[in-house]
1. Please compute the per residue accessible area over the chain with all protein chains in place, 1.4 Å probe, rounded to a whole number of Å².
2. Shape call for the chain from the C-alpha gyration tensor, a ≥ b ≥ c root eigenvalues: rounded (a/c under 1.5), prolate (a/b greater than b/c) or oblate?
3. With angles folded into 0 to 90 degrees, how steeply does helix 53-75 sit against the dominant principal axis of the chain? Use alpha carbons for both and round to 10.
4. May I ask you to give the percent of accessible area on the chain that is carbon plus sulfur, with a probe radius of 1.4 Å?
5. Can you list the residues of segment 45-78 with backbone N under 19 Å from a point 7 Å past the Cα of SER29, pointing along Cα to Cβ?
6. For labels at GLU54 and ASP68 in the simple 7 Å Cα→Cβ model, what's the distance in nm?
Amino acid sequence: MPGVGRAELIHTPVQLYRHLLRCCRQLPSAAMQQHYRHAIRQGYKSHSDEDDQERIQMIIQRALTDADWILGKYTKKK
């Protein structure tokens, strides 16, 4: 799984944002990559004022889990 192993290295929203954008490169089509990049940016903006560290860690873990699921769904044919 792409997020496994790297999850320990992601502690801040900026690190998560950059990691998720890199994950988009693994998606099979340009349209899909654009769709998920947009969703990542929107999610980042919508949580940019979050200052509760516990909530931030919950968001990071959920985002990594979701990214693993999405990448698994679209890249398991390889």
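1. On the way: 5690 Å² over 78 residues.
Solvent-accessible surface per residue comes out at 73 Å².
2. On the way: a/c = 2.46, a/b = 1.50, b/c = 1.64.
The shape class here is oblate.
3. Helix 53-75 and the main axis of the chain meet at about 0 degrees.
4. On the way: 3070 of 5690 Å².
Result for the chain: 54 percent of the exposed heavy-atom area is carbon or sulfur.
5. Only 70-78 fall inside the zone, counting backbone N under 19 Å.
6. Placing both labels 7 Å beyond Cα along the Cβ direction yields 2.3 nm.
The values are calculated or read from the model by the stated rules, or taken from the named source; none is laboratory data. All values reported here derive from a predicted model rather than from experimental measurement. Counting neighbours? That spans all protein chains shown, and the Cβs are built from the backbone with ideal geometry, glycine included. Quick note on the areas: whole protein, heavy atoms, side chains included, nothing else; ligands and nucleic acids left out. Shrake-Rupley method; radii C 1.70, N 1.55, O 1.52, S 1.80 Å.
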